[in-house]
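The structure appears right after this line, and notes come after that.
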Amino acid sequence: MDGLRKAFTHFTLMVTILSKSHADHNVYPSAGVLFVHVLEREYFKGEFPPYPKAGDSSNDPITFNTNLKGYPDRPGWLRYIQRTPHSDGVLYGSPASEHVGKPTIIEITAYNKRTFETARHNLVINIMSTEEFPLPYQAEFFIKNMNVEEMLASEVLGDFLGAVKNVWQPERLNAINITSALDRGGRVPLPINDLKEGVYVMVGADVQFSSCLREVETPQNQLRCSQEMEPVISCDKKFRAQFHIDWCKISLVDITKVVPVHSNRPDPGTGVLPDIGEYNPPSESLKNRDYFADFLITLAVPSAVAMVLFIILAYSMCCRREGVQKRNMQTPDIQLVHHSSIQKSTKELRSMSKNREISWPLSTLPVFHPVSGEVVPPIHPDSYETTSMLLMQTQTNLQNQIQIPQQQSSGK
């Protein structure tokens, strides 16, 4: 693997441009080839005041903001990632052929979260055209044990392209694009067992796919993939040492057989409205309007309806009453007798209740013992405050106040 890495170093530098961060620096990536630009924190630290403690200058948390000059965001083909404020930022992407010849100026703003100072530099991206773009055969691999910033490292990407070249055996091999699994709808992994997000790597070559890469298309492997089992791939051992590839998600595309789809898009036009003459605002003198009809509709009509309903209700409640005499004539005699007797009894009871004497409460009267016949004094004498005493005495108090005579034997 070391010999293969050394032999492949010059090849990697040709297809993938890896550059360090410089102020107002020009880079020249190729269309259809992966472009990677590292924003190093060490370079931007020189723009900020030194750390007060010697030897602690590397602890400054620095974040980056990148945008197209004059716009709030980056171009659509360019992406950016920085995992933590203590790690370097990375710009990466794959420019297309329509971007050739158009210089792209990226404004890079570094924020020092310790001193709250900023530093700004420009990166000029000059996209160049290549004769071999696009390569006709493209394969996309899904690597499960890598994050996108780990895969963008030159050593790791060089090892992966070397393994692919050993399996595919092409004359020209380029890394076309790298995409995080989160950008494809993947879920953020749990922070256990060193799980990774996963990354999609697309490579292109000038020869047809090898038999090893086409093994995933066999019916047996397709059945195993449908059952969520790993397919049997003979060349997987050449990747397994460093890269865990999900062979069920591999995509093989032959662009020479892809039928181009042309959509008839409408002409967007110049974006300028046609000239329809001067704008004539309405005159200042407005015509008088009669609001009497509106008044009748909104107030008079509802008031008239309410008045009619009030008259009908008053007639029904006041003018349609039967009277007591008519009610008694329609009531049976026996029912009237019962009603009259009930009324007389009620009046008699009320008159009797007004004339009766009010008796004293039983708690204030003398008590006779049921056995001895002795008179027991009241529970509460007149000198006591009866409002704070209980109306009934307890058994203990009763024993203290009353001594029940015991029966004497017949011999005595």
Qualifying chymotrypsin sites (Phe, Trp or Tyr not before Pro) in the range 109-147, DSSP loop, other Cβ atoms within 10 Å at most 10: PHE116
The range 53-160, accessible area per residue, ligands and nucleic acids excluded (1.4 Å, Å²): 48 Å²
Overall form of the range 181-230 per C-alpha gyration tensor (a/c, 1.5; a/b vs b/c): oblate
Gain upon complete extension [PHE310, GLU348; 0.36 nm per residue less C-alpha separation]: 9.2 nm
Kirkwood-type radius of the range 20-127, with distances r between different C-alpha atoms, in Å: 14.6 Å
Convex hull projection area averaged over all views, the range 137-257, Cα basis, nm²: 8.0 nm²
Neighbour cut-off at most 12 other Cβ (10 Å), DSSP loop, GluC sites (Glu not before Pro), the range 34-143: GLU131
Sites GLU40 and GLU278, calculated FRET efficiency, Cβ-Cβ separation with R0 60 Å, nearest 0.05: 0.50
Cβ-derived FRET efficiency at R0 41 Å, ALA300 paired with GLN330, nearest 0.05: 0.35
Carbon/sulfur fraction of accessible area - the range 137-257, other protein chains in place, 1.4 Å, %: 49 percent
Rounded percent of accessible protein surface that carbon and sulfur make up, the range 20-127, 1.4 Å probe: 50 percent
Sites ARG114 and GLN242, calculated FRET efficiency, Cβ-Cβ separation with R0 35 Å, nearest 0.05: 0.40
Most positive-pole-ward Cα, HIS25, PRO61, THR118, against dipole of the range 20-127 from beta carbon charges: PRO61
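The values are calculated or read from the model by the stated rules, or taken from the named source; none is laboratory data. Small disclaimer: the values here were computed from a predicted structure and weren't measured. Cβ: placed from backbone, ideal geometry, glycine included. Neighbour counts: every protein chain shown. SASA here: full protein model, heavy atoms, side chains in, ligands and nucleic acids out. Shrake-Rupley method; radii C 1.70, N 1.55, O 1.52, S 1.80 Å.
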